[in-house]
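Q: Dropping the structure in here first, questions after.
The values are calculated or read from the model by the stated rules, or taken from the named source; none is laboratory data. Please read these numbers as outputs of a predicted model, since none were measured by experiment. Here Cβ is always computed from backbone atoms with ideal geometry, including for glycine, and neighbour counts include all displayed protein chains. Just so you know, the surface numbers come from the protein's heavy atoms only, side chains and all, with ligands and any DNA or RNA stripped out. Shrake-Rupley method; radii C 1.70, N 1.55, O 1.52, S 1.80 Å.
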2 protein chains.
Amino acid sequence: MRYELYYWPGIQGRGEYVRLALEEAGTDYADVARSERGMAKMMKVMETHRGTPPFAPPFLKAGKLVIGQAANILFYLGSRHGLAPKAEAARLWVHQLQLTVTDFVAEVHDTHHPIGVSLYYEDQKAAAKKRTEEFWRERVPKYLGYFESILNGNSGGAWLTGRRLTYVDLSLFQIVDGLRYAFPKRMKAFERKIPDLVELHDRVAARPNIKAYLASDRRIPFNEDGIFRHYRELDT
Amino acid sequence: MRYELYYWPGIQGRGEYVRLALEEAGTDYADVARSERGMAKMMKVMETHRGTPPFAPPFLKAGKLVIGQAANILFYLGSRHGLAPKAEAARLWVHQLQLTVTDFVAEVHDTHHPIGVSLYYEDQKAAAKKRTEEFWRERVPKYLGYFESILNGNSGGAWLTGRRLTYVDLSLFQIVDGLRYAFPKRMKAFERKIPDLVELHDRVAARPNIKAYLASDRRIPFNEDGIFRHYRELDT
C-alpha cells in the first residue's frame with residue numbers, strides 16, 4: 001500500500017515528524033500537496049471527507065483510512081513499521097513521549113506567534129521577544145532536561161526508550177535540528193547541558209535512510225514560514 | 001483494580017478530562033493529590049518513578065502501569081470501560097478528536113498566559129487582551145465550528161462519533177462548561193452558532209454518573225488558578 005501524506009507544501013512543520021518516520025521505515029509514500037495540483041487535492045480531502053474529516057494537516061491516507069494529528073499518525077505507523085514496540089504498555093509510553101514533544105512544538109511555535117497565528121510576526125515582535133526569553137529560561141530546560149534525564153536513566157540503550165529506535169527518537173532529532181536553525185547562538189550555549197540528546201541527534205542523522213532523506217530535495221529547508229524560524233532579534 | 005489519578009489538587013485543569021471519564025465509567029479511583037499528604041505522594045512518583053517518569057500531571061497509575069498525558073490516559077481507559085470503540089480505525093478517530101481538544105485547551109490556557117506560565121497574569125494583561133481577541137475571532141469559531149460540523153454530519157447519532165458516547169463527548173462538555181465560566185458574555189453570544197454542541201453539553205450533564213459527580217465535592221469548582229479563568233476585562 002502506498003501511503004499518501006497531506007501537509008502544507010512549503011514547510012517542514014508538523015508534517016516533518018511523519019515524513020521522518022516514513023523515510024526511516026523506507027515506506028512508499030506520496031507527499032501529495034507538493035505534487036502538481038496537490039494543494040487542490042488536499043483541500044478537497046479536507047472539505048469533502050465524510051465522517052472523519054481532519055481538523056488540519058498533516059493527515060495520512062492509508063488505504064481508506066484518513067488519520068489526522070501527527071502523534072496519532074505516528075502511533076498508527078509505529079508498530080506497523082518497526083518504529084515502536086508492539087506491547088501495549090510500551091506503545092503507550094512511546095506515545096506519551098510523543099505527546100510531550102507535541103506540546104513542546106506548540107511552545108516553539110508560540111515564541112514567534114504569542115498573540116495569534118492569524119497575525120504577522122511583525123505585529124507581535126515585542127511579545128515574541130518576551131515569550132522567547134521565557135521559553136529559553138523556563139521551558140527549554142524543562143522539556144529538554146526531561147528527555148535528557150530519560151536518556152541518562154536508560155542504561156545501555158542508545159535510544160530514548162531502550163535498544164531500539166522509535167519514532168520519538170526521530171522527533172527529538174527534529175527538535176534539536178530545529179532549535180539549532182532557529183536559535184543558533186542560544187542553542188550553542190545550551191547544548192552542553194544535553195550531551196546525550198545531541199548524540200542522539202547525530203545518531204539519527206547518520207541512519208542510512210535519514211541521511212539520504214536529508215540530502216534529498218524531499219527535505220524542505222527550514223524557513224520563516226515554518227515552526228522553527230530564525231529571527232536574529234530573538235536569538236541574543 | 002483501583003486506579004490512582006494524580007493531578008494538582010486545587011484545579012480542574014487537564015486532570016478534569018480524566019476525572020470525567022473515570023466518573024462516567026463508574027470506576028473505583030483515588031484522586032491521590034487531594035488526599036492527606038497527597039501532594040507529597042505525587043511528587044514522589046514524579047521524582048522517583050523509574051523508567052517511565054511522567055513529564056507533568058495528570059498521570060494515572062493502573063496497577064504497575066504509570067500513564068501520562070491526558071489524551072493518552074483516555075486512550076487507555078476508553079476501550080476498557082466502554083468509552084471508546086474497540087476497532088482500531090474508530091479508536092484512532094476518537095483519539096484524533098481528543099488530540100484536537102488537547103490543542104484547543106492549550107490555546108484556552110494561553111488566553112491568560114500568552115507570554116509564559118512562570119509569569120503572573122498581572123504581568124501579561126495587555127498581551128492577554130490581544131490574544132483573547134484573536135482567540136474569539138479566529139480560534140473558537142474554527143475549533144467549535146469543526147466539532148459542530150461533525151455533530152451535524154453524524155446523521156442519527158446523539159454523540160460526536162455516533163450512537164455511543166465516548167470520552168471525547170465528556171471532554172466537549174468540559175469545553176462548553178469552561179468557556180461559559182471564563183467568558184460568560186462572549187460565550188452567550190456565540191452559543192447560537194453551535195446549537196448541537198450545546199445540546200451535547202446538556203446531554204452529558206444529565207448522565208446519571210456525571211450529574212452525581214457534578215453535584216459532589218469531587219468536582220472542584222472553576223477558579224482562577226485553572227485553565228478556564230474568569231477575568232472580567234477579557235470578557236467584553
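Q: Consider the range B:203-228. How many of its residues are within 23 Å of B:HIS81 (Cα to Cα), of a type outside the set (Lys, Arg) and open to solvent by 10 Å² or more (accessible area, probe 1.4 Å)?
A: 8
Q: I'm trying to understand the selection: among the residues of the range A:41-66, which are open to solvent by 40 Å² or more (accessible area, probe 1.4 Å) and either in contact with a helix residue (DSSP H, G or I) (Cβ under 7 Å, 6 or more places away or on another chain) or modelled with pLDDT under 95 (or both)?
A: A:LYS41, A:MET43, A:LYS44, A:MET46, A:GLU47, A:THR48, A:HIS49, A:ARG50, A:GLY51, A:GLY63, A:LYS64, A:LEU65
Conditions tested, residue by residue: (1) of a type in the set (Lys, Arg); (2) within 29 Å of B:ARG34 (Cα to Cα).
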residue	(1), (2)
B:LYS125	yes, no
B:GLU138	no, no
B:ILE175	no, yes
B:ALA182	no, yes
B:LYS211	yes, yes
B:SER216	no, yes
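Q: Scan the range A:229-236 and tell me whether some residue there is in contact (Cβ under 8 Å) with a residue 60 or more places away in the chain, in contact with a His (Cβ under 9 Å, 6 or more places away or on another chain) and part of a loop (DSSP other than H, G, I, E, B).
A: yes
Q: Then there is this: I'd like the full set of residues that are aromatic (Phe, Trp, Tyr) and part of a helix (DSSP H, G or I), limited to the range A:210-225.
A: The one that is aromatic (Phe, Trp, Tyr) and part of a helix (DSSP H, G or I): A:TYR213.
Q: Just to be sure, is B:LEU119 more than 10 Å from chain A (Cβ to nearest Cβ) and either within 17 Å of the chain's Cα centre (by Cα) or open to solvent by 20 Å² or more (accessible area, probe 1.4 Å) (or both)?
A: no
Q: Can you find a residue in the range A:159-166 that is in contact with a strand residue (DSSP E or B) (Cβ under 8 Å, 6 or more places away or on another chain), touching a residue at least 40 places away in the same chain (Cβ under 8 Å), open to solvent by less than 20 Å² (accessible area, probe 1.4 Å) and not hydrophobic (A, V, I, L, M, F, W, C)?
A: Scanning the range A:159-166, I find at least one residue that is in contact with a strand residue (DSSP E or B) (Cβ under 8 Å, 6 or more places away or on another chain), touching a residue at least 40 places away in the same chain (Cβ under 8 Å), open to solvent by less than 20 Å² (accessible area, probe 1.4 Å) and not hydrophobic (A, V, I, L, M, F, W, C), so the answer is yes.
Q: What do you reckon, is B:ASN223 in contact (Cβ under 8 Å) with a residue 12 or more places away in the chain, touching a Gly at 6+ places or on another chain (Cβ under 6 Å) and not charged (D, E, K, R)?
A: Against the criterion (in contact (Cβ under 8 Å) with a residue 12 or more places away in the chain, touching a Gly at 6+ places or on another chain (Cβ under 6 Å) and not charged (D, E, K, R)), B:ASN223 does not qualify.
Q: Scanning the range A:67-95 for residues that are open to solvent by less than 10 Å² (accessible area, probe 1.4 Å) and touching a strand residue (DSSP E or B) at 6+ places or on another chain (Cβ under 7 Å), which turns out nearest to A:ARG164 (Cα to Cα)?
A: A:LEU92
Q: Can you list residue pairs whose Cβ atoms sit under 9 Å apart, with the first residue in the range A:27-55 being in contact (Cβ under 8 Å) with a residue 24 or more places away in the chain and the second being of a type in the set (D, E, K, R) and open to solvent by less than 40 Å² (accessible area, probe 1.4 Å)? Count only pairs 6 or more apart in sequence or on different chains.
A: A:TYR29/A:ARG19; A:TYR29/A:GLU23; A:ASP31/A:ARG19; A:GLY38/A:ASP31
Q: Here is a further query. It is to be established whether one or more residues within the range B:39-57 are hydrophobic (A, V, I, L, M, F, W, C) and in contact with a Leu (Cβ under 7 Å, 6 or more places away or on another chain).
A: no
Q: Here's another thing I want to ask about it. Looking at this structure, is A:PHE104 at negative phi, modelled with pLDDT of 95 or more, buried (at least 17 other Cβ atoms within 10 Å of the Cβ) and in contact with a strand residue (DSSP E or B) (Cβ under 7 Å, 6 or more places away or on another chain)?
A: Spelling it out, it is not the case that A:PHE104 is at negative phi, modelled with pLDDT of 95 or more, buried (at least 17 other Cβ atoms within 10 Å of the Cβ) and in contact with a strand residue (DSSP E or B) (Cβ under 7 Å, 6 or more places away or on another chain).
Q: With respect to A:GLU134, determine if the residue is at the interface with chain B (Cβ under 10 Å from one of its Cβ atoms) and acidic (Asp, Glu).
A: yes
Q: Next up: Out of all the residues in the range A:4-40, which are open to solvent by less than 50 Å² (accessible area, probe 1.4 Å) and of a type in the set (Asp, Glu)?
A: Once the filter is applied, which keeps residues that are open to solvent by less than 50 Å² (accessible area, probe 1.4 Å) and of a type in the set (Asp, Glu), the range A:4-40 yields A:GLU16, A:GLU23, A:GLU24, A:ASP31.
Q: Got a sec? Which strands (runs of 3 or more DSSP E) wholly within the range A:27-115 have at least 2 residues that are under 18 Å from the mean Cα position of the chain (by Cα) and at the interface with another protein chain (Cβ under 9 Å from one of its Cβ atoms)?
A: The qualifying strands (runs of 3 or more DSSP E) are A:65-68.
Q: Another question, then. Report yes if A:SER171 is within 23 Å of A:PHE75 (Cβ to Cβ) and either open to solvent by 50 Å² or more (accessible area, probe 1.4 Å) or in contact (Cβ under 8 Å) with a residue 60 or more places away in the chain (or both), otherwise no.
A: yes
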